[in-house]
1. In the range 124-169, what percent of the accessible surface is made up of carbon and sulfur (1.4 Å probe, ligands and nucleic acids excluded)?
2. Can you pull the percent of the range 1-86's accessible area that's carbon plus sulfur, 1.4 Å probe, other chains left in place?
3. What distance in nm separates the two pseudo spin-label positions at Thr32 and Tyr70, each 7 Å out from Cα along the beta-carbon direction?
4. Just the number please: accessible area per residue for the range 72-178, 1.4 Å probe, all protein chains included, in Å².
5. Multiply the residue separation of Ser18 and Asp129 by 0.36 nm, subtract the distance between their alpha-carbon atoms, and state the gained length in nm to one decimal.
6. Please tell me which of these pairs span more than 29 angstrom C-alpha to C-alpha: Lys75/Lys149; Lys145/Lys165; Lys5/Lys67; Lys11/Lys75; Lys55/Lys165; Lys11/Lys55?
7. Within a Cβ distance under 14 Å of Glu91, other residues only, what is the Lys/Arg minus Asp/Glu net charge?
8. Could you order the peptides 134-143, 91-100 from most to least packed, using the average number of other C-beta atoms within 10 Å per residue?
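The values are calculated or read from the model by the stated rules, or taken from the named source; none is laboratory data. Because the structure is predicted, anything quoted here is derived from the model rather than measured. Here the Cβ positions follow ideal geometry from the backbone for every residue, glycine too, while neighbour counts run over all protein chains shown. These area figures cover heavy atoms from the full protein model, side chains too; ligands, DNA and RNA do not enter into them. Shrake-Rupley method; radii C 1.70, N 1.55, O 1.52, S 1.80 Å.
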Amino acid sequence: KQEVKFTTNSKGYIPSISTTEDVDDEEDDDATYNYSLSYEFEYNGSDHIARASYKEVSVNAVTKEKKYEYNVTWKFFWNGDLLSKVEVTGEDRDIEGTYNWSSIHAYSYEGSFENRYMQYTDGIACDVDFDSSVEPAMCVGLFGKGPAKYPVKISGDREMEFEYKLNSKGLVETETSTSPKMMMITLQQRTIPMEVTPELNQLMQAVARNA
């Protein structure tokens, strides 16, 4: 049984999400692990996300021995209403030891379109890389306002360039992402921009009830 809990602030943004579940070990049929995942989100005075943290832990239900623990922190830097940089740091601990890592992602907007409704795009959501179960909530405005323009390039672990086709309302109809180094192009239709997972469905239903 999986249980998902979350809260919303007075503006409808989510400051925290947590989920717990008992999971059977794939390698040991007799072992069950208490799995937990939690997010914390902070917003600045302009309603943009400023910081996020993620913690995932798996503990043996009987011995209480920790199988692994993952921690990730995101810091979002804004130049007015434009997202300029995201710094990510992480620490992974398991039976093999501890691994620390970090990355920096820079955003460029030269010649870009106005993002009239300040929505996060698929490209931003994929680059920020929250867990797939909560990532779609970013695109529907539950994690605050997005940038005032659509980014044309994101540089970090890999460089991605973006082109957009907007509809008459100024919303993204088609987002094309290109990786010059990989020479790979993917098309993402914005008509149905995300898979509605059970977790996201629970979030959206609860938000609608509280609206």
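1. The value for the range 124-169 is 41 percent carbon and sulfur by accessible area.
2. Carbon with sulfur: 42 percent of the solvent-accessible area.
3. So the label points at Thr32 and Tyr70 sit 2.4 nm apart.
4. On a per-residue basis, the range 72-178 sits at 50 Å².
5. Contour length minus Cα-Cα distance gives 38.2 nm.
6. Where the Cα-Cα span goes over 29 Å, the pairs concerned are Lys55/Lys165.
7. Summing Lys/Arg as +1 and Asp/Glu as -1 gives -2.
8. 134-143, 91-100
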